[in-house]
1. Restricting to segment 103-121, what's the tally of residues that are of a type in the set (D, E, K, R) and surrounded by fewer than 16 Cβ atoms within 10 Å (Cβ to Cβ)?
2. Give just the number: which of (1) of a type outside the set (D, E); (2) in a helix (DSSP H, G or I); (3) without any contact (Cβ under 8 Å) to a residue 40 or more places away in the chain does H57 not satisfy?
3. In segment 66-80, which residues are hydrophobic (A, V, I, L, M, F, W, C) and in a helix (DSSP H, G or I)?
4. Looking at V261, V277 in this structure, which one is touching a helix residue (DSSP H, G or I) at 6+ places or on another chain (Cβ under 9 Å), within 21 Å of L179 (Cα to Cα) and among the β-branched types (V, I, T)?
5. Determine the pairs where a residue that is farther than 18 Å from W42 by Cβ, located within segment 344-371, has a partner that is at pLDDT below 70 with Cβ atoms under 6 Å apart, the partner being 6 or more residues away or on another chain.
Amino acid sequence: MSDTTSTTAVPTAAVPTRPASAERDLSLDVFRALAMFVVVAWHWVFTILRWRDDGPHVDNPISELPHLGYLTWVLQVMPLFFLVGGALTARSTTKLAGTGERLAWVGRRAKRLLGPAIPLVALLGSLYAAALIAGEPAVARAIFLTATPLWFLLSYFVVTALLPLWGGAARRWPVGHVLVLAAWCVAWDVLRFTVGLEGPVTWLSYVWIWLTVHQAGSLLDRFDVRRRAVALLAAAFGVLVLATHLGPYPVPMVGTRTNDVSNMGPPTAVLLALAGVQLALVALSRAWIARTAARHRSRVEVLAAHPMPVYLWHMVGFSVCALALLALGIETPEEPTLAWWLARPFWVAGPLLVAWPLIRRAAGPRRAGPPGAPAPTARVPAPSRSASG
């Protein structure tokens, strides 16, 4: 991409495997898998369930232990998934010449993105309707909460579907269009907080924020120059600190019961600073990750086949365990007490045992790769000590 980006091809002899796999950028497979598995671990380990007459309500320990909010600066990795998706999309759409080709690309990606979710949506929809017909609103609410992580698929689909609109601008002004999007996100937040926007109109934040993060990922190759990546890391982290301590944004990068503003639902512009930190860290580490992954290619390919199935079905495992405990009359702690912390291993093992057969079946024999982009050409960034221009 940039004339200051230094890259070297992965030697075929160094990676003795089939040609199709040799063309993959394994570092991006690793980062994408990391993002998904961290999200799943968060949902299993850090969810507090509170059962009321209308069903389950969820929270996390940060509401009672606010100092843990800084932990989310590490564990909130949804921006990482969109960044990786943006990098992959930029590579796979470089040669798309017109709107027709972009629309065809969107159709193919939508099929790969939404197709795997159809069985889950059908299952949860049927169970939800059955629970309402049976007069069990509490169970219906539990089923609805099981489906809430699907917001990610919808957001990613919308971002992908907008390619015909932003594809031309991204090609002509790769950096400029990201800066414009970021400025609009900040302006939108100012409007939200000053005017007091509420209701469905605020859902547009899911489009603005995640589109901007996705497009920021298209700039990844520009930060192969170490000096640029370090500068981005310092600037983005500085903005993150200032925005959460002097600005209107709370420290946690997740919603909590005790904060009036949630940085995730709907997302706020402070996530752009977190995304900048993650983009810089990816750029600084991906050469080493790529070399390490090349030595364990078969394991990485297995890992790369599972992020989406894991994400789709992990909450089914969690909900089955929660409903089983409820049916057995076993109460779960509603505060982050010692008993709650000691129960965390169960909330990993239990959901995993329930969800794993579903995950394996969903993963099947499909080619490893993201639902939104084809396998990219593998390029291991060569460390650069200086930037030219």
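1. Looking only at that region, the number is 2.
2. Result: H57 fails condition (2) only.
3. Start the filter on segment 66-80 by keeping residues that are hydrophobic (A, V, I, L, M, F, W, C), which leaves 68, 71, 73-75, 77-78, 80.
L68, L71, W73, V74, L75, M78, L80, listed by residue number.
4. Unique residue meeting the criteria: V277.
5. The qualifying pairs are G369/A375.
The values are calculated or read from the model by the stated rules, or taken from the named source; none is laboratory data. All values derive from a computational prediction rather than experimental measurement. So basically every Cβ, Gly included, is an ideal-geometry build from the backbone, and we count neighbours across all protein chains shown.
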